[in-house]
Amino acid sequence: MKRDIQGKFAIKNSDYREVRSLRLTDDTWKALGIASECLGLTRADYLEEIVTSNILPCITRKISETTTSNAPLFSDSLPSITRYEQEIEKLKIQVQNLQKENLELQKRSAITFVHDVIDFEAIRERILFELKLGRQASGFKTAQKALNQFIQEIKLMVDSF
């Protein structure tokens with residue numbers, strides 16, 4: 001909304017505009033102000049834009065076109081401060097879905113780490129070697145069974161997540 005040196009709104013084009021008067025409720029005046037401000041227009045420019053773009057029903061249209069079924073289309077085309085609410089809701093849902101997906105991926109990465117990175121069999125062999133028992137000793141076989149069972153329990157616990 002450009003203004004001239006005197007602070008009045010600058011002339012939009014060479015067409016002369018007369019001062020007109022409208023009787024509007026306060027709510028309508030506020031809504032008109034918000035809608036026009038969203039587009040960077042004055043209220044008068046905004047009203048002119050609506051009329052020149054043929055958004056409103058006129059006498060040359062068919063009766064079926066002027067029914068209230070067009071009302072949602074008209075209100076959807078008007079700017080408002082809440083025009084992005086649906087998009088915001090969609091984005092919030094997207095963020096929630098991404099957070100869930102991220103959590104699942106974190107869980108899977110822990111499972112993958114346990115299964116693929118940790119070599120339980122190598123750890124078992126190292127522990128058995130540190131026991132300094134021969135492979136035929138009964139203590140070796142008992143320790144080996146206990147470690148195998150322990151490894152299976154750990155893998156089952158990880159898989160249950």
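The values are calculated or read from the model by the stated rules, or taken from the named source; none is laboratory data. Bear in mind that the values here come from a model prediction, so they are computed numbers and not experimental data. Heads up, the Cβs are rebuilt from the backbone with ideal geometry, glycines too, and the neighbour counts pull from every protein chain shown. All accessible areas refer to the heavy atoms of the entire protein, side chains included, with ligands and DNA or RNA removed. Shrake-Rupley method; radii C 1.70, N 1.55, O 1.52, S 1.80 Å.
What the table below lists for this structure:
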| quantity | calculated |
| --- | --- |
| Tally of residues being open to solvent by 90 Å² or more (accessible area, probe 1.4 Å) and either within 48 Å of the chain's Cα centre (by Cα) or more than 24 Å from Val158 (Cα to Cα) (or both) across the range 106-137 | 10 |
| All positions within the range 138-161 that are touching a helix residue (DSSP H, G or I) at 6+ places or on another chain (Cβ under 8 Å), of a type in the set (A, V, I, L, M, F, W, C), open to solvent by less than 100 Å² (accessible area, probe 1.4 Å) and within 26 Å of Ala110 (Cα to Cα) | Leu147, Ile151, Ile154, Val158 |
| Listing of helices (runs of 4 or more DSSP H) fully contained in the range 81-161 that carry 3 or more residues being of a type in the set (S, T, N, Q) and farther than 30 Å from Leu32 by Cα | 85-112, 138-160 |
